[in-house]
Structures are given as C-alpha cells and as structure tokens.
1. Read phi for every residue in the range B:138-146 and hand back ³J(HN,Hα) as whole Hz from Karplus 6.51 cos²θ - 1.76 cosθ + 1.60, θ = phi - 60°, with x for Gly and Pro.
2. From the C-alpha coordinates alone, can you work out the Kirkwood hydrodynamic radius of the protein assembly as shown, in Å?
3. Assign one of three labels to the range B:80-233, namely rounded, prolate or oblate, based on the Cα gyration tensor with a ≥ b ≥ c the square roots of its eigenvalues; rounded applies when a/c is under 1.5, prolate when it is not and a/b is larger than b/c, and oblate otherwise.
4. Which whole-number value in Å³ per residue fits the convex hull of the alpha carbons of the range A:23-220?
5. Using the Cα centre of the range B:25-231 as the reference point, and only Cβ charges (+1 on K/R, -1 on D/E), how large is the resulting charge dipole? Debye, rounded to the nearest 20.
6. Assuming R0 = 45 Å, what is the FRET efficiency of B:ILE172 and B:ALA197, from their Cβ-Cβ distance, to the nearest 0.05?
7. Take the Cβ-Cβ distance between B:SER216 and A:LYS38 as r, set R0 to 60 Å, and report the resulting FRET efficiency rounded to the nearest 0.05.
8. Could you tell me what a quarter of the Cα convex hull surface of the range B:25-147 works out to, in nm² with one decimal place?
Amino acid sequence: MVTPDLISEEDIAKLIISDDLPDEPMLKAYIEAKVYDKEGYVIQYHRQPMRSLTQYFLALMSIPIIGTYQGPSTNKAVGPLTNTLSLPTIVGAYGVGSANISWNFSILLGSGTQAFSPTLTSLAAPIANGTGAGQLSYGSVLATYSGTTIYIYVTVINYSSTTINVREIGLSATVYIQYNASGNNYASSTYSYLISYDTLSQPITLLPGAMATFKVALTFSG
Amino acid sequence: MMIGKMVDDIDVRMPEDVHDVGKHIPTLNAYLIVVVRDSRGNIVKVHRQRSHSPTANFIGLFLPIAYFSSNNTSYTITNATGGTCIYLPNVASNAQCISYPNVATNVQTYLVTIQVGSGQQSNPYTAIALAAPIANGSGAGQLIYESAVLPQSISINGSTAYFYITQSFNNISGGTVTITEVGLLLQVQLTNYNATATTNCGQVLVWYDVLSSPISVPNAGSVTIYYTFTVNP
C-alpha cells in the first residue's frame, strides 16, 4: 500500500503543479521581432522564449479537448467557458437556428511593463493603432501552421515622427459566438482575452518610418 | 514596401544561431497521472508522466480563423473510424464551426471519454484511434468505464493556472487488465449559425499517450486517470 486512502484535491494539485519530471514540456513557444529601416534593411533582430500563458489560454485550449457541451444530453456550456471566459451557459437561437463558436488570434504590442499574473487581462501600456505620436499602424494578422507549430505574425509601421519602443507583447484571442437571432437574422457576440503576456528582454526600437514584423510560434510536442 | 512579402520572408537570411536551440522555459505542461486501487480501495500504485501528445486533430481544431482566411483553406478532421469532415471556422453564415449550446437546435460537441487501451503506436501525432482500445464491460480484458469528470473552471495557484479531467475504471473482469495507452475522445459536431449545414464528425481522438510503463489493474480493483494541463509551473 502506497498511501492510505483516496487522493484529495490538494494532493492532485501538488502532483499537477510540481514540474519535477525530466523530459521536454509539451509546448515550446518563442517570440521573434525583426525591424527594417525605411529602405527595407534589417536593423534589429530579436528572439526570446515566450514564457507566460494566462488562464484564458488554458480555457480556450480546453475547447478542442473537452468540447463546449457538458455532455451528450446537457445543453449547457462547460465550466472553463462559463466560469473563466464568462461565455454564456446557453445562447438564444431563433426557430430551427443553432449556435457555434470560433476564435482568432492577434498580437498586441505595448510600451510599458508589468509583473505577470495568469489573470492579466491587458498590456500595461498598449500601443494604439494609428499614425499619431506614439502609435503604430498594424497590418492584418496572418497565421500559418506546419505540423505541430502554429505561427502568428503581424507587421507594424511607425508612420509617426517619433521613435517608438516596444517593451511588452501579448497574444490576444477574440472569441465569436454566432447564432440565429430573432427573425432568422444572423448575430454574433464577441469576447476578447489576453492569452499570453511577456516583457521583451530588450526593447524593440522603431524609428520614424521603420517597419517591424513580430512573430509568435507555438510548438506542440505532438 | 511590400509588407506581405516581408512577412512571408521572415525566415529568409536568418543567422543559424537564432533558430530553435531548445533553450525554452516551460510554459505549458500536461501530465498523465494514474492511480491504481486494489479491491479494498487502497492505493497500490501512483504513476505520473509527462503527456506529450496532442494529435493532429487537436492542432487543427485549435487553429485560429486567420489561418483559414489568410490561406483560403480548410482543415480535414479524421475521426476514430477513419471518416473525415471539413473544419472551416469563420465569422460568416456559411462557416463550419464547433457547435455551442443554444435554445433551439443542439448538436453537441463534448468529451466522450478518456479511453484506455492495451496496445501502442509510435507516432501519437498522426494517431486517429487507440491501437487496441479496452472495451467497456465486465468480460475478460474489459473495464467498466465511469463517466469523465470535467473541470468547473481554470484553477489558479500563484502564477500557475491549471485544469484537469479525471475518469475512473473498474475491473470486474475476473482477471488483471493491463493498460498501456490512453487517449481523449471528443465528439465533434460542426454547424453554421442557422443549422442548415451541420456535420457530425463523430468521435475524434484529440490526445494520445503511450504509458512509460504498463499499468496493471487487479481484479476487483480500479484505476483513476487524471489528465492535467498547467501553464507557468
């Protein structure tokens, strides 16, 4: 006999939280930034591990693992969606309509720093999308995947007349719940979450007219 | 300046020393914990190992809309019997997204079971089913599957967040049953918003692990499996 009786919730938590096993973790992630000057020459390159996923990443990741319904005959959403992402337990749908869920990722950039917490909801000082002082013009987010790695990219340009330093970066997820609203009209509810947060080990500097590409790679062990 | 082209070329002319050298700090870990009890309910073995293996189906289902829209493509999900369906999430009326609970037409997407098996296969990423699933029953070599218990939320402990799924299995087969592989089976239903295009993808293997050592469940005993997922341990 190894232990006397049932394992308690606390015992399980200890087994879960202790990261004392050798071997590789199941996810490795990194952040990459590449800065180009006005002529298109690379003038700064930076790469670092992405360390800090939030509770919202886990909740989103739970969808392809446990699904959205509590069971085959229980038309209620699972706990991580309702209690962590604050999504509705059930949505209205007109007539013979239905509902579904989907999500997108984007890369957030900021000029501040803050301590990490798994409950963080925003960057310390987000850099707004625009051409004014202290702003960056964000391109469309692109995503690709190859085998076990998902890549997310965004390109930004500093059209302002001032230098901008990027010191923090986050991944954001936008969740869409689509349903058939009254009168057979399509409707969509949108929810946004910060799913990762990292401060950069060195600032990424964009002089006026400079462009930078930021890339986040999520590699599952597979 | 051609922004799109530059993004496409991001890996061009990278010096070798900037590529992955494996010096990462863990961000996300998954563990497989197996607790075996004898006929009196006493714990006789606790097995713990890293879980490594989201399958290709998991990664396909986790991809963001941007992947589908920027590449003008879909993802083919392969279920546990080899059938396929097309996953095409988008914010549009003709999308094929994972179903969500509603007051009208429900086609449920849910965790069917933690499935255990007595075989193994070498490439978990491409696995679509367990090599030799152990059937639910009381016959020789079978186990009684209890219901899986789902997390109620993401739990927080300091800078760590985690959730786990657990399920117990009872052995009343009359003999010892040995487990060598474990997986997660998800029933996947895709639908558009008005239920005019609904696809039952069937039971899809989204996670698969071969145990680092076999687990023997004694007759009249039981085994409880915990699949745990943590960030920032």
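FYI, it's all coordinate maths here, none of it is from the lab. Quick caveat: nothing in here was measured; it's all calculated off a predicted structure. When we count neighbours, we look across all protein chains shown, and the Cβ atoms used for this are built from the backbone with ideal geometry, even at glycine.
1. 3J(HN,Hα) across the range B:138-146, in whole Hz: 10, x, 4, x, 10, 10, 7, 8, 7.
2. Its Kirkwood hydrodynamic radius stands at 23.2 Å.
3. Prolate shape, in that a/c is at least 1.5 and a/b is the bigger ratio.
4. In the range A:23-220, the Cα convex hull volume per residue is 154 Å³.
5. The dipole magnitude comes to about 260 debye.
6. The formula returns an efficiency of 0.50 here.
7. So the FRET efficiency works out to roughly 0.30.
8. Result: 12.3 nm².
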